[in-house]
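Structure record follows, encoded as structure tokens.
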Amino acid sequence: MNKTELIEHIAKQADISKAAATRALEALIGGVKTTLKKNGNVSIVGFGTFAVTKRASRTGRNPRTGAAIKIKAAKVPKFRPGKALKDHLN
């Protein structure tokens with residue numbers, strides 16, 4: 001499912017216009033991004049938790065030349081599914 005299909009699904013399920021569903025989805029995504037940018041967590045009970053983790057710098061290899069390159073440390077988003085989501089899938 002892509003973003004357009006998700007918007008259509010939200011509009012149909014909530015009986016709202018696609019424009020309203022788009023605004024709602026954008027608001028959700030924006031809220032998650034803003035919170036993660038501040039190193040916060042977003043927990044949606046029954047769905048899961050979005051968090052930020054830190055990845056240490058490391059040495060990698062250029063696949064074309066085989067030369068060693070240094071990969072900088074980075075913050076990366078992480079999603080942990082909640083128990084209800086796991087149970088629904090199994």
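The values are calculated or read from the model by the stated rules, or taken from the named source; none is laboratory data. Small disclaimer: the values here were computed from a predicted structure and weren't measured. When we count neighbours, we look across all protein chains shown, and the Cβ atoms used for this are built from the backbone with ideal geometry, even at glycine. Just so you know, the surface numbers come from the protein's heavy atoms only, side chains and all, with ligands and any DNA or RNA stripped out. Shrake-Rupley method; radii C 1.70, N 1.55, O 1.52, S 1.80 Å.
Only Lys, Arg, Asp and Glu count, each charged at its Cβ (+1, +1, -1, -1), so figure out the dipole size of the chain about its Cα centre, rounded to 20 debye.
860
Cut-off 17 Å, label point 7 angstrom out along Cα-to-Cβ of Asp87: give me the residues of the stretch 41-64 whose amide nitrogen falls inside.
44-49, by backbone N distance to the label point.
May I ask you to evaluate 6.51 cos²θ - 1.76 cosθ + 1.60, the Karplus curve with θ = phi - 60°, for each residue of the stretch 43-57 and list the ³J(HN,Hα) values in order in whole Hz, giving x for glycine and proline?
Using θ = phi - 60°, the values come out as 10, 10, 4, x, 10, x, 10, 9, 8, 10, 10, 9, 9, 6, 5 Hz.
Once the convex hull of the alpha carbons of the chain is built, what does its volume come to per residue, in cubic angstrom?
165
Under a 1.4 Å probe, what is the accessible area of the chain per residue, stated in Å²?
With all protein chains present, the chain gives 81 Å² per residue.
How high is the relative contact order of the chain, given as a whole-number percent (alpha carbon pairs under 8 Å, six or more residues apart)?
21
May I ask you to give the percent of accessible area on the chain that is carbon plus sulfur, with a probe radius of 1.4 Å?
Answer for the chain: carbon and sulfur cover 56 percent of the accessible area.
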